[in-house]
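Chemist: Encoded as structure tokens, here's the structure I'll be asking about.
The values are calculated or read from the model by the stated rules, or taken from the named source; none is laboratory data. Since we're looking at a predicted model, the values are computed, not measured. Neighbour counts run over all protein chains shown; Cβ positions are idealised from the backbone, glycine included.
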Amino acid sequence: MDLSFSKVELEFRKEIRSWLRENVPDEPLESFDTELGFHQHRGWEKTLYAGNWGMVTWPKEYGGRGCSLIEWLIFEEEYYRAKAPLRVNQNGLFLLGPTLMEFGSKEQKEKFLPKMALGEEIWAQGWSEPNAGSDMAAIQTKAIRKGDKYVVTGQKIWSTRAVWADWIFGMFRTDPKSERHHGLSFILVPLNSKGVTIRPIAQLNGLTGFAEVFFDEVEVPTHCLLGEEGDGWKVAMATAGFERGLMLRSPARFQETARRLVDLYKENKQQADNDPSILEAVLRAYLDAESYCLLTYQTASRLVNGGHIGPESSTNKVFWSELDQSMHSTAMSIIGARADLMSGIKGAGLTAEWLDGWLFAQSGPIYAGTNEVQRNIISERMLGMPR
Amino acid sequence: MDFTFTEEQLLLRDSTRNFLTAEVTPSRLRERWKSHDVADNDLWEKMLDMGIISATIPEELGGSGLNSVDFVLLAEECGYVALLEPVVYTALVVVPLLCELEGDFPRELLSGLVRGDYRISVACPFTGLVEDADTSAFVLKFNSNKELVACSVTDAELSQIRSIDPGRRVFSLKECESGKVLMGNNRFEFLHEFLINSMAFANAAQSLGLTQRMLDLAVNYSKDRHQFKKPIGSFQAVKHLLANVAIKLEFAKPSVYRAAHSLHHGAPKRSLHISHAKIAACEAASLAAKNSLQAHGAMGYTWEYDLHIFSKRSLVLSATGGDLGFHKARLLDSLFSDDFQLGPTATFS
């Protein structure tokens, strides 16, 4: 055990820190859930790629740097420290990317990964359907093979980033007679295909961060199948392993929120101390963000040493989503009587970032598998409790 | 950066686990409660032979020279079986404290421990109480001049105090002021904090093991016990109770391992890291005690069932070595100090 950074790791930190100092835009970009913001963020992805920072853990031939997971964590720390824009292509980079690495053919990797790293192709997720939410095996949208094409018919919903994205990935039923998790396939669909209709859905902040996607006999080339036909469930589950768990929400994000929370408390100490529970909540935010960082480094170290991720990684999502909720609700308590005010009086608007974060934190225990589903997974696969 | 244990460290953990789970069974612990034997000398001898008791004593004095990172996993295993013999305090509190001191007498005491001549205990810096005082030859404590002294137990007047944990044997000491001065009061601040840190760390590590034990008991019970024609472990309400314990435990572990590393390297932030570990591990154990009892229903509330061996022990470990209020206050002092670093790059800086 050695909890200090190596010379190489420190050099890497220095390099990314100085690049970010030069390149992170002074003014924050618009939300990527607006049309303008989406295009601004796409531009930022191109800037990152130009600096060779698109996806540092990927091999060089796909637009990466072949970095270790520890370096990935360092990258993320510097990224959040520098307040760099959020990654509009996170569905692609953090979720589909690792899946392609594991299950994609050489041609598929070459076709998709570099454009993903470049931000030229931005990805949406297509898992849920109106009758398949937590029960994902109830998926009904069909993709029927006809010659060298799949014909896709049905509907996806809550598809994150689908309003302006270029591609969508998800699971489709390729065997119409199959049931539950059999007969599903993992397929990539261009969103500009004929027969695709996208209906944006406004989220709690009024912006269209997700959408319904309708497929009316959409033709998709069979080379867009990832993994074997009928293996969709396996492909989707395999990548629920470490990279998804580790990459989707890196500790730096929550450590930055915890740091802001401590500052918010200090600036508003007198008001905050009216509620004696706040001080403890601030301490807990710091400790839990720290614990999340420690566990992530521990997991990354184990993987770097050739170990495997176990079912215990399913504890991650519950932990960070509840931490994020509790940090933001503590911030609301500190702000107190003006917590809901977005503009119009002195002091209002300063809290806009906290309000945005507070709304978004409410979705944490729901997306990426509800926390109830996660707790079932923990109890059944990690603890071995009966189904 | 490498936040893993070595193959050797894991092997030592495994062999210790095998030994302890075979030897330190709940029925053996219960025999100890009933009997008036003050110590399980047979067990102590075996652990002395295995080198666990002298594990952290330097090699030149006959020990194995293990550090806190090597020993933390063993302490966890001792917690798992709720070991009553003061093995963990010997290795993680008494020995490191003696190793901090100069002079012949501390070295002589360490050699005595290696030879198995006697046991040494320490007085709690918060309450002054001493665990296992009557089976010790010496008690290490601060006298009213803030000097660290080794009192001979034969000179002291002991009175036993009952704990809710039937396995805990704790005493107040009178007439134990004199003793042999090990260190003058010029190092009081340092040694006082050192002692608190050692005890807190030892308790945190054992609490991880206790949490795992209570979780295991509840999971196994939930598989066997049927109601509504199903194992109760198939009900989500029960599943989620225990999943919450698993989450707490999973996130407490690395804080304890980081504390072990900071302690070993004398890191400037070691006190904070230890307070973090103490809070995380003791809270995990406390949740395990609560939720495991709930999963067991009335059975868990009986004297005959073993759960209370571990839940009572977890109360002791949370209360001693600095209660959670002490550790929270210590963390808050730092958190709001001007030079305290926070944010995404601060953890390992």
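Chemist: For B:VAL256, which of the numbered conditions (1) within 13 Å of chain A (Cβ to nearest Cβ); (2) in a helix (DSSP H, G or I); (3) surrounded by fewer than 21 Cβ atoms within 10 Å (Cβ to Cβ) fails to hold?
Modeler: All conditions are met except number (3).
Residues are listed down the side, and each one gets a yes or a no for (1) among the acidic types (Asp, Glu); (2) within 11 Å of another protein chain (Cβ to nearest Cβ):
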residue	(1), (2)
B:GLN236	no, yes
B:PHE251	no, yes
B:LEU263	no, no
B:ALA284	no, yes
B:TRP303	no, no
B:ASP306	yes, no
B:THR347	no, yes
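Chemist: If a residue has to be of a type in the set (Lys, Arg) and closer than 21 Å to A:ASP288 by Cβ to count, how many in segment B:277-327 make the cut?
Modeler: 2
Chemist: For B:GLU45, indicate whether it is out of contact with any helix residue (DSSP H, G or I) (no Cβ under 8 Å at 6 or more places or on another chain), assigned to a helix (DSSP H, G or I) and surrounded by fewer than 16 Cβ atoms within 10 Å (Cβ to Cβ).
Modeler: Judged against the criteria, B:GLU45 is a match.
Chemist: Given the conditions (1) without any contact (Cβ under 8 Å) to a residue 60 or more places away in the chain; (2) more than 8 Å from chain B (Cβ to nearest Cβ); (3) over 30 Å from A:LYS106 (Cα atoms); (4) not basic (Lys, Arg), which single one is not true for A:GLU290?
Modeler: For A:GLU290, the exception is condition (2).
Chemist: While we're here: Could you tell me how many of the residues in segment B:316-327 are in contact with a helix residue (DSSP H, G or I) (Cβ under 6 Å, 6 or more places away or on another chain) and either crowded, with 19+ Cβ neighbours inside 10 Å or farther than 16 Å from A:ARG284 by Cα (or both)?
Modeler: Number satisfying all stated conditions: 5.
Chemist: Condition check: more than 17 Å from the chain's Cα centre (by Cα) and over 13 Å from A:MET247 (Cα atoms). Does A:TYR80 satisfy that?
Modeler: no
Chemist: Taking the stated definitions as given, is B:LYS223 within 9 Å of chain A (Cβ to nearest Cβ) and either crowded, with 24+ Cβ neighbours inside 10 Å or not in a helix (DSSP H, G or I) (or both)?
Modeler: So B:LYS223 does not fit the description; no.
Chemist: Could you please let me know if B:ALA295 is farther than 18 Å from B:SER349 by Cα, crowded, with 23+ Cβ neighbours inside 10 Å, touching a Leu at 6+ places or on another chain (Cβ under 9 Å) and more than 9 Å from chain A (Cβ to nearest Cβ)?
Modeler: Here the answer is yes, as B:ALA295 does meet what is asked.
Chemist: Of the residues A:LEU69, A:LEU95, which is within 21 Å of A:PRO190 (Cβ to Cβ), out of contact with any Gly (no Cβ under 8 Å at 6 or more places or on another chain) and at pLDDT below 95?
Modeler: A:LEU95
Quick grid of which residues meet (1) β-branched (Val, Ile, Thr); (2) more than 16 Å from the chain's Cα centre (by Cα); (3) over 27 Å from B:CYS78 (Cβ atoms):
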| site | (1), (2), (3) |
| --- | --- |
| B:VAL219 | yes, yes, no |
| B:ARG225 | no, yes, yes |
| B:LYS230 | no, yes, yes |
| B:SER234 | no, yes, yes |
| B:ALA260 | no, no, no |
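Chemist: Counting only residues that are outside any helix (DSSP H, G or I) and either surrounded by fewer than 22 Cβ atoms within 10 Å (Cβ to Cβ) or outside the structural domain of B:ARG32 (by TED's automatic domain parsing) (or both), which one in segment B:86-115 is farthest from the chain's Cα centre (by Cα)?
Modeler: Among those residues, the one meeting the criterion is B:GLY103.
Chemist: May I pose another question? What single numbered condition from (1) under 30 Å from A:LYS106 (Cβ atoms); (2) surrounded by 21 or more Cβ atoms within 10 Å (Cβ to Cβ); (3) more than 10 Å from chain B (Cβ to nearest Cβ) fails to hold for A:HIS308?
Modeler: The one condition A:HIS308 does not meet is (2).
Chemist: Same structure, new question: State all residues of segment B:291-312 that are among the hydroxyl-bearing types (Ser, Thr, Tyr) and free of Cβ contacts under 8 Å to residues at least 12 places away in the same chain; if no residue qualifies, say none.
Modeler: The answer is B:TYR301, B:THR302, B:TYR305.
Chemist: OK, next. A:ASN268 passes all but one of (1) more than 7 Å from chain B (Cβ to nearest Cβ); (2) buried (at least 19 other Cβ atoms within 10 Å of the Cβ); which number fails?
Modeler: (2)
Chemist: If only one of B:SER163, B:SER152, B:SER178, B:SER144 is within 29 Å of B:LYS328 (Cα to Cα) and free of Cβ contacts under 8 Å to residues at least 60 places away in the same chain, which one is it?
Modeler: B:SER144
Chemist: A further question on this structure: Give all pairs with beta carbons closer than 6 Å in which a residue from segment A:191-213 that is outside the structural domain of A:GLY133 (by TED's automatic domain parsing) meets a residue that is at pLDDT 95 or above and charged (D, E, K, R); count only pairs at least 6 apart in sequence or on separate chains.
Modeler: none
Chemist: For a quick check of your reading: which helices (runs of 4 or more DSSP H) sit entirely within segment A:313-387 and have at least 1 residues that are within 14 Å of chain B (Cβ to nearest Cβ) and modelled with pLDDT under 95?
Modeler: Ranges flagged: A:315-335, A:371-377.
Chemist: Can I ask one more? What is the one condition in (1) within 13 Å of chain B (Cβ to nearest Cβ); (2) within 22 Å of the chain's Cα centre (by Cα) that A:VAL235 does not satisfy?
Modeler: (1)
Chemist: Here's another thing I want to ask about it. Among the residues of segment B:296-308, how many are of a type in the set (A, V, I, L, M) and in contact with a Pro (Cβ under 6 Å, 6 or more places away or on another chain)?
Modeler: The qualifying residues number 0.
Chemist: State which residue pairs qualify: first residue in the same structural domain as B:ASP224 (by TED's automatic domain parsing) and inside segment B:238-256, second residue modelled with pLDDT under 95 and of a type in the set (Lys, Arg) in any location, beta carbons under 9 Å apart, and separation of 6 or more residues or different chains.
Modeler: Within 9 Å, no pair qualifies.
Chemist: Kindly indicate whether A:ALA132 is crowded, with 22+ Cβ neighbours inside 10 Å and assigned by TED's automatic domain parsing to the domain that holds A:LEU204.
Modeler: So A:ALA132 does not fit the description; no.
Chemist: Ok, one more. Specify the residue that is farthest from the other protein chains (Cβ to nearest Cβ); the eligible residues are those in segment B:1-25 that are in contact with a helix residue (DSSP H, G or I) (Cβ under 6 Å, 6 or more places away or on another chain) and among the aliphatic types (A, V, I, L, M).
Modeler: Among them, the one singled out is B:LEU20.
Chemist: Tell me yes or no: at least one residue of segment A:78-95 is under 30 Å from B:GLY266 (Cβ atoms) and either acidic (Asp, Glu) or assigned to a loop (DSSP other than H, G, I, E, B) (or both).
Modeler: yes
Chemist: Which condition number in (1) within 27 Å of B:SER275 (Cα to Cα); (2) buried (at least 22 other Cβ atoms within 10 Å of the Cβ); (3) in contact with a strand residue (DSSP E or B) (Cβ under 9 Å, 6 or more places away or on another chain) is the one that B:PRO125 fails?
Modeler: (2)
Chemist: Something else: Is it fair to say A:GLN125 is touching a helix residue (DSSP H, G or I) at 6+ places or on another chain (Cβ under 6 Å) and at pLDDT below 95?
Modeler: yes
Chemist: I would also like to ask the following. Suppose the filter is buried (at least 18 other Cβ atoms within 10 Å of the Cβ) and more than 18 Å from the chain's Cα centre (by Cα); does B:LYS141 pass it?
Modeler: Against the criterion (buried (at least 18 other Cβ atoms within 10 Å of the Cβ) and more than 18 Å from the chain's Cα centre (by Cα)), B:LYS141 qualifies.
Chemist: Looking only at residues that are within 14 Å of another protein chain (Cβ to nearest Cβ) and touching a residue at least 24 places away in the same chain (Cβ under 8 Å) in segment A:4-23, which one is surrounded by the most Cβ atoms within 10 Å (Cβ to Cβ)?
Modeler: Per the stated criteria, the residue is A:ILE16.
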